[in-house]
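Right, one structure below, let's go through it.
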């Protein structure tokens with residue numbers, strides 16, 4: 001009710017009760033599993049898998065129903081979601097001590113605090129339920145990972161007024177994460193309306209999903225792992241475009257005929273999100289030998305560098321022509337997921353002023369004019385033809401480097417280099433460079449092409465970029 005004097009005394013009492021069992025910094029993470037657009041979307045089955053694949057974990061279930069459980073029917077052995085939890089976690093059981101039921105919560109709250117002034121669902125009942133979460137967690141042995149299956153929808157009147165502020169507080173305190181289970185739609189292409197609606201619903205309540213799990217429709221057919229990564233990339237890019245928020249923790253879940261395959265799949269996809277990563281290895285998501293050599297110059301003293309060639313891995317990643325950021329992130333994310341290593345993805349745009357910014361983002365394909373399979377020599381000849389009548393050879397590189405952890409954390413570093421194409425060197429035959437443009441481009445302040453520079457000169461020239469790159473790699477590794 002609006003306009004009421006807020007009862008701060010009861011809030012202090014409730015906070016004190018919560019603090020008795022509240023996790024200390026870094027002691028535990030509470031994962032709120034929310035569903036959208038309907039309640040029966042499979043939250044219980046998802047939690048069962050997460051319990052199975054996550055060490056030192058436990059779970060509880062909240063139902064907002066205004067019922068009591070005096071007869072024990074809601075928590076009987078094998079009942080409802082607890083039966084699902086137990087079927088995938090042999091030897092474990094869940095019962096009354098893992099269950100929060102709306103009617104019982106209201107009853108206990110009113111019996112304990114009902115004589116206090118001006119009690120409200122938010123904040124008073126919400127703080128009370130928060131204290132109950134902490135107590136159950138404490139009594140369960142303080143598991144490192146604590147999953148909370150929230151029955152119904154966050155938009156339900158039995159759920160939202162209680163759990164919205166709880167989730168907000170735990171997110172703000174760094175101990176709460178939201179796993180949003182929704183569904184992917186597919187016609188002739190990926191459709192994201194339901195996912196956008198789900199995301200918008202949470203953001204409007206100041207709730208930020210930590211992980212998006214999207215169920216694939218039955219009629220999508222057989223899908224390869226690379227195609228599934230592309231589904232996730234499309235959704236991530238769409239959410240970034242619409243909401244200006246980049247979410248890389250996305251798991252597209254196929255329909256499994258054998259539910260045990262679901263468990264194996266979630267072990268591969270979820271476990272890395274909550275596991276430690278190697279701090280001495282960096283995977284460079286490129287097959288370009290010259291690019292790999294440059295990264296060895298930049299990072300080789302600090303990290304052991306891996307590549308698709310050294311690890312015998314190949315992923316088909318579709319590159320767009322609109323955004324070097326999207327392309328760099330897509331490469332780094334795909335290989336981070338595939339290898340379990342912190343990965344670097346790199347994309348560069350090249351912009352010639354007298355050609356209205358061509359070739360632009362899709363440098364290797366010259367903005368889409370050349371096929372992906374174009375050789376370096378063919379590209380060099382195409383460059384010579386394109387630039388033969390230029391009057392102004394001014395141009396610039398814009399490089400975007402994405403650093404992505406298998407845990408889903410990421411950083412971006414930019415490197416912008418202004419200069420010109422050396423007209424005389426453009427007329428020479430192709431020199432077998434891994435960077436064809438590097439044989440003709442000169443920065444305004446170095447009087448050499450990239451190919452002509454020594455390793456020490458490259459390192460000195462890109463000193464600021466290297467420093468920022470190392471700083472952000474350390475930041476990703478520390479998260």
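Of all residues in the range 135-144, count the ones that are assigned to a helix (DSSP H, G or I) and touching a helix residue (DSSP H, G or I) at 6+ places or on another chain (Cβ under 9 Å). Spell out the reasoning first.
Within the range 135-144, the first condition is being assigned to a helix (DSSP H, G or I), and the residues that meet it are 135-139.
The next check asks that each one be touching a helix residue (DSSP H, G or I) at 6+ places or on another chain (Cβ under 9 Å); those that pass are 135-136, 139.
Residues meeting the conditions: 3.
Quick one: which strands (runs of 3 or more DSSP E) lie wholly within the range 338-406 and hold at least 3 residues that are modelled with pLDDT of 95 or more and in the same structural domain as residue 319 (by TED's automatic domain parsing)?
Per the criteria, 343-352, 394-404.
In a helix (DSSP H, G or I) and under 20 Å from residue 307 (Cβ atoms): does that describe residue 438? Break it down stepwise before answering.
Working: in a helix (DSSP H, G or I): yes; under 20 Å from residue 307 (Cβ atoms): yes.
Against the criterion (in a helix (DSSP H, G or I) and under 20 Å from residue 307 (Cβ atoms)), residue 438 qualifies.
Which residue out of 208, 126 is over 21 Å from residue 17 (Cβ atoms) and either at pLDDT 95 or above or part of a loop (DSSP other than H, G, I, E, B) (or both)?
Working: 126 fails: over 21 Å from residue 17 (Cβ atoms).
On inspection, the qualifying residue turns out to be 208.
Output yes when any residue across the range 347-362 is surrounded by 15 or more Cβ atoms within 10 Å (Cβ to Cβ), without any contact (Cβ under 8 Å) to a residue 24 or more places away in the chain and closer than 19 Å to residue 289 by Cβ, and no when none is.
Checked against the condition, which is being surrounded by 15 or more Cβ atoms within 10 Å (Cβ to Cβ), without any contact (Cβ under 8 Å) to a residue 24 or more places away in the chain and closer than 19 Å to residue 289 by Cβ, the range 347-362 yields no hits at all.
Pick out the one residue from 438, 434 that is over 19 Å from residue 466 (Cβ atoms) and either in contact with a helix residue (DSSP H, G or I) (Cβ under 8 Å, 6 or more places away or on another chain) or surrounded by fewer than 20 Cβ atoms within 10 Å (Cβ to Cβ) (or both). Break it down into steps so the answer makes sense when it comes.
Working: 438 fails: over 19 Å from residue 466 (Cβ atoms).
Just a single option satisfies the conditions, and that option is 434.
(1) in contact with a helix residue (DSSP H, G or I) (Cβ under 7 Å, 6 or more places away or on another chain); (2) at pLDDT 95 or above: which one isn't true of residue 472, the others all being true?
(1)
For the range 393-440, which residues satisfy the criterion of being without any contact (Cβ under 8 Å) to a residue 60 or more places away in the chain and closer than 20 Å to residue 375 by Cβ?
Scanning the range 393-440 gives 425, 426, 427, 428, 429, 430, 431, 432, 439, 440.
Quick check, is residue 472 surrounded by fewer than 16 Cβ atoms within 10 Å (Cβ to Cβ) and either over 17 Å from residue 379 (Cβ atoms) or in the same structural domain as residue 378 (by TED's automatic domain parsing) (or both)? Please lay out each step first, then the result.
Numbers: surrounded by fewer than 16 Cβ atoms within 10 Å (Cβ to Cβ): no; either over 17 Å from residue 379 (Cβ atoms) or in the same structural domain as residue 378 (by TED's automatic domain parsing) (or both): yes.
It is false that residue 472 is surrounded by fewer than 16 Cβ atoms within 10 Å (Cβ to Cβ) and either over 17 Å from residue 379 (Cβ atoms) or in the same structural domain as residue 378 (by TED's automatic domain parsing) (or both).
What is the one condition in (1) within 18 Å of residue 333 (Cα to Cα); (2) assigned by TED's automatic domain parsing to the domain that holds residue 433; (3) not in a loop (DSSP other than H, G, I, E, B) that residue 291 does not satisfy?
Of the numbered conditions (1) within 18 Å of residue 333 (Cα to Cα); (2) assigned by TED's automatic domain parsing to the domain that holds residue 433; (3) not in a loop (DSSP other than H, G, I, E, B), the odd one out for residue 291 is (1).
Pull up the range 229-254, narrow it to residues that are within 11 Å of the chain's Cα centre (by Cα) and part of a strand (DSSP E or B), then point me to the one that is surrounded by the most Cβ atoms within 10 Å (Cβ to Cβ).
250
I want to confirm something. Restricting to the range 378-392 and keeping residues that are touching a residue at least 40 places away in the same chain (Cβ under 8 Å) and surrounded by 16 or more Cβ atoms within 10 Å (Cβ to Cβ), which single residue is farthest from residue 446 (Cα to Cα)?
Keep residues of the range 378-392 that are touching a residue at least 40 places away in the same chain (Cβ under 8 Å), which gives 379-381, 383-384.
Subset that is surrounded by 16 or more Cβ atoms within 10 Å (Cβ to Cβ): 379-380, 383-384.
Values: 379: 25, 380: 22, 383: 22, 384: 23 Å.
Of everything passing the filter in the range 378-392, 379 is farthest from residue 446 (Cα to Cα).
Can you pull out the residues in the range 145-164 that are in contact with a helix residue (DSSP H, G or I) (Cβ under 6 Å, 6 or more places away or on another chain) and surrounded by fewer than 21 Cβ atoms within 10 Å (Cβ to Cβ)?
158, 161 - these are the residues of the range 145-164 that are in contact with a helix residue (DSSP H, G or I) (Cβ under 6 Å, 6 or more places away or on another chain) and surrounded by fewer than 21 Cβ atoms within 10 Å (Cβ to Cβ).
Among the numbered criteria (1) more than 16 Å from residue 41 (Cα to Cα); (2) free of Cβ contacts under 8 Å to residues at least 60 places away in the same chain; (3) over 16 Å from the mean Cα position of the chain (by Cα), which single criterion is violated by residue 216?
It is condition (1) that residue 216 fails.
Looking only at the range 299-318, how many residues end up being over 15 Å from residue 289 (Cβ atoms), touching a helix residue (DSSP H, G or I) at 6+ places or on another chain (Cβ under 8 Å) and assigned to a loop (DSSP other than H, G, I, E, B)?
8
Taking the conditions exactly as written (assigned by TED's automatic domain parsing to the domain that holds residue 164, in a helix (DSSP H, G or I) and either buried (at least 18 other Cβ atoms within 10 Å of the Cβ) or modelled with pLDDT of 95 or more (or both)), does residue 107 satisfy them or not? Let's see the steps before the verdict.
Numbers: assigned by TED's automatic domain parsing to the domain that holds residue 164: yes; in a helix (DSSP H, G or I): yes; either buried (at least 18 other Cβ atoms within 10 Å of the Cβ) or modelled with pLDDT of 95 or more (or both): yes.
Yes; evaluated as a whole, the condition is true for this residue.
Tell me which residues, restricted to the range 179-203, are in a strand (DSSP E or B) and either without any contact (Cβ under 8 Å) to a residue 12 or more places away in the chain or within 14 Å of residue 233 (Cα to Cα) (or both). Explain how you work it out, then say what you get.
Going through the range 179-203, the residues in a strand (DSSP E or B) turn out to be 179-183, 185-186, 190-191.
If the condition is that a residue be in a strand (DSSP E or B) and either without any contact (Cβ under 8 Å) to a residue 12 or more places away in the chain or within 14 Å of residue 233 (Cα to Cα) (or both), then 190, 191 are the ones that fit.
The values are calculated or read from the model by the stated rules, or taken from the named source; none is laboratory data. Everything quoted here is computed from the prediction, not taken from an experiment. Note that each Cβ is placed from the backbone with ideal geometry, even for glycine, and that neighbours are counted across all protein chains shown.
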